[in-house]
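Down below is the structure, laid out as structure tokens.
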């Protein structure tokens, strides 16, 4: 039976293999931090990439929706019937952005913050578990792990984790190694009735922002976890069964390296598409061109007249004129949904969807998939 350790661990985590992988991960992460600065409006990356992470993190728990459903729901399309899965994914995106707003104020991540994030995610205020009976099972229904059952023990473990997250004097290991420990500890405490996996993945990226390894929460590790789902759960369990920390830390560091590399390519592609639009739209609109218009087109695949009217501070007639001109010149596509017109930046949509095609996987047959 696995006993939750008190942090810091009495284990040498900085093995030669870990340090080699750590160097590669930190280099890619630093490159991503720099590349992100080339996008002038941070909401463009936050809004578009958060939805991608929300989709993928939820997919780890077999909560599946489509890109188009997400983009439509995010555009607040009237009379749109939102599926339960899409709603859960949107809740994840809101929880992540809410968490980012919290840590920006004080640069710490407390248990109160974590509870608030999980509340946004799940839409309830149940807080930490207080009733025994929670177990983690695989797809066959076999119990693979029993987390702490008593509320007092859960609270003690979470207090220790809070101190470990925020007090660097407790442990001076590299933040990326520390992130791996934090993630494993949180998932093993399993403090909530629901949403532990998704909350844990939000904590990962918020911790990287706190440690100033990123300025924005745009490194989303769920994509790599989906592609290596069985290994992810096996590494978690091997720590519990065999104290095999090295393989777990290496998995997380490899995740950081590969995901950062993928995100660098994605940010560059978004930047290149924006510059292409800018150079072609500016002469088209002449004096009517404003950079806010470009930001509007790239903050979300779908837009509408009211969005542009508010963003540019122009009349409805002018906003409509601009959008229709962009449709005529094939920058966007016009769609009638219900009684309203919406405008789709199809090139941005294709870029976001195509960049995640290789993350798609069939969940059928994946072994030892542990429920939240």
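The values are calculated or read from the model by the stated rules, or taken from the named source; none is laboratory data. The model shown is predicted, which means the values in this text are computed figures rather than measured ones. Neighbour counts run over all protein chains shown; Cβ positions are idealised from the backbone, glycine included.
Give just the number: which of (1) in contact (Cβ under 8 Å) with a residue 40 or more places away in the chain; (2) touching a helix residue (DSSP H, G or I) at 6+ places or on another chain (Cβ under 6 Å); (3) under 30 Å from residue 30 (Cα atoms) does residue 100 not satisfy?
Unmet condition: (2).
Name the pairs whose Cβ atoms lie under 8 Å apart, with the first residue in the range 76-95 and within 14 Å of residue 339 (Cα to Cα), the second outside any loop (DSSP other than H, G, I, E, B) and modelled with pLDDT under 60, and 6 or more positions between them or separate chains?
Going by the 8 Å Cβ cut-off, the qualifying pairs are 80/72; 80/73.
Residue 146 fails exactly one of the following numbered conditions: (1) within 21 Å of residue 8 (Cβ to Cβ); (2) touching a strand residue (DSSP E or B) at 6+ places or on another chain (Cβ under 9 Å). What is the number of that condition?
Tallying (1) within 21 Å of residue 8 (Cβ to Cβ); (2) touching a strand residue (DSSP E or B) at 6+ places or on another chain (Cβ under 9 Å), residue 146 fails exactly one: (1).
Of the residues 182, 173, 218, which is surrounded by 15 or more Cβ atoms within 10 Å (Cβ to Cβ), within 25 Å of residue 28 (Cα to Cα) and out of contact with any helix residue (DSSP H, G or I) (no Cβ under 7 Å at 6 or more places or on another chain)?
Details: 182 fails: out of contact with any helix residue (DSSP H, G or I) (no Cβ under 7 Å at 6 or more places or on another chain); 218 fails: out of contact with any helix residue (DSSP H, G or I) (no Cβ under 7 Å at 6 or more places or on another chain).
None of the others qualify; the one that does is 173.
How about the range 270-340: which helices (runs of 4 or more DSSP H) wholly inside it have at least 1 residues that are touching a strand residue (DSSP E or B) at 6+ places or on another chain (Cβ under 6 Å) and within 24 Å of residue 38 (Cα to Cα)? Show your work before the answer.
Values: elements: 291-299, 305-312, 316-328.
Answer list for the range 270-340: 291-299.
Pick from 258, 244: which is more than 22 Å from residue 328 (Cβ to Cβ), in contact with a helix residue (DSSP H, G or I) (Cβ under 7 Å, 6 or more places away or on another chain), without any contact (Cβ under 8 Å) to a residue 12 or more places away in the chain and surrounded by fewer than 19 Cβ atoms within 10 Å (Cβ to Cβ)?
Values: 258 fails: without any contact (Cβ under 8 Å) to a residue 12 or more places away in the chain.
Being more than 22 Å from residue 328 (Cβ to Cβ), in contact with a helix residue (DSSP H, G or I) (Cβ under 7 Å, 6 or more places away or on another chain), without any contact (Cβ under 8 Å) to a residue 12 or more places away in the chain and surrounded by fewer than 19 Cβ atoms within 10 Å (Cβ to Cβ) holds for just one of 258, 244, which is 244.
Consider the range 166-200. How many of its residues are more than 21 Å from residue 2 (Cβ to Cβ) and either in a helix (DSSP H, G or I) or at pLDDT 95 or above (or both)?
10
Working carefully through the options 189, 226, 236, find the one that is buried (at least 18 other Cβ atoms within 10 Å of the Cβ), within 23 Å of residue 90 (Cα to Cα) and touching a residue at least 12 places away in the same chain (Cβ under 8 Å).
Numbers: 189 fails: within 23 Å of residue 90 (Cα to Cα); 236 fails: within 23 Å of residue 90 (Cα to Cα).
None of the other options fit; the residue is 226.
If the requirement is being within 28 Å of the chain's Cα centre (by Cα) and modelled with pLDDT under 90, which of these qualifies: 352, 297, 335?
Values: 297 fails: modelled with pLDDT under 90; 335 fails: within 28 Å of the chain's Cα centre (by Cα).
Unique residue meeting the criteria: 352.
Looking only at the range 211-241, which residues are more than 16 Å from residue 199 (Cα to Cα) and not in a helix (DSSP H, G or I)?
211, 212, 213, 214, 215, 216, 228
I need a count of the residues in the range 141-162 that are surrounded by 15 or more Cβ atoms within 10 Å (Cβ to Cβ) and touching a residue at least 24 places away in the same chain (Cβ under 8 Å).
Quick first cut of the range 141-162, residues surrounded by 15 or more Cβ atoms within 10 Å (Cβ to Cβ) only: 144-145, 147-148, 151, 154-158, 160-162.
Remaining after also requiring touching a residue at least 24 places away in the same chain (Cβ under 8 Å): 144-145, 147-148, 154-155, 157-158, 160-162.
Qualifying residue count for the region: 11.
What tally of residues in the range 337-354 results from selecting those that are under 22 Å from residue 223 (Cβ atoms) and without any contact (Cβ under 8 Å) to a residue 40 or more places away in the chain?
2
Return yes or no: is residue 125 without any contact (Cβ under 8 Å) to a residue 60 or more places away in the chain, under 25 Å from the mean Cα position of the chain (by Cα), part of a loop (DSSP other than H, G, I, E, B) and more than 22 Å from residue 233 (Cβ to Cβ)? Let's see the steps before the verdict.
Working: without any contact (Cβ under 8 Å) to a residue 60 or more places away in the chain: yes; under 25 Å from the mean Cα position of the chain (by Cα): yes; part of a loop (DSSP other than H, G, I, E, B): yes; more than 22 Å from residue 233 (Cβ to Cβ): yes.
Yes.
For residues that are surrounded by fewer than 17 Cβ atoms within 10 Å (Cβ to Cβ) and in contact (Cβ under 8 Å) with a residue 12 or more places away in the chain, scanning just the range 262-276, find the one that is nearest to the chain's Cα centre (by Cα).
Residues of the range 262-276 surrounded by fewer than 17 Cβ atoms within 10 Å (Cβ to Cβ): 265, 268-269, 272, 275-276.
Narrowing further to those that are in contact (Cβ under 8 Å) with a residue 12 or more places away in the chain: 265, 268-269.
Numbers: 265: 17, 268: 19, 269: 19 Å.
Only one residue tops the list, namely 265.
Among 13, 29, 45, 49, which is the only one that is surrounded by 14 or more Cβ atoms within 10 Å (Cβ to Cβ) and farther than 30 Å from residue 272 by Cβ?
Numbers: 29 fails: farther than 30 Å from residue 272 by Cβ; 45 fails: farther than 30 Å from residue 272 by Cβ; 49 fails: farther than 30 Å from residue 272 by Cβ.
Going through 13, 29, 45, 49 in turn, the sole match is 13.
What number goes with the only condition from (1) outside any helix (DSSP H, G or I); (2) modelled with pLDDT of 95 or more; (3) surrounded by fewer than 18 Cβ atoms within 10 Å (Cβ to Cβ) that residue 34 does not pass?
Condition not satisfied by residue 34: (1).
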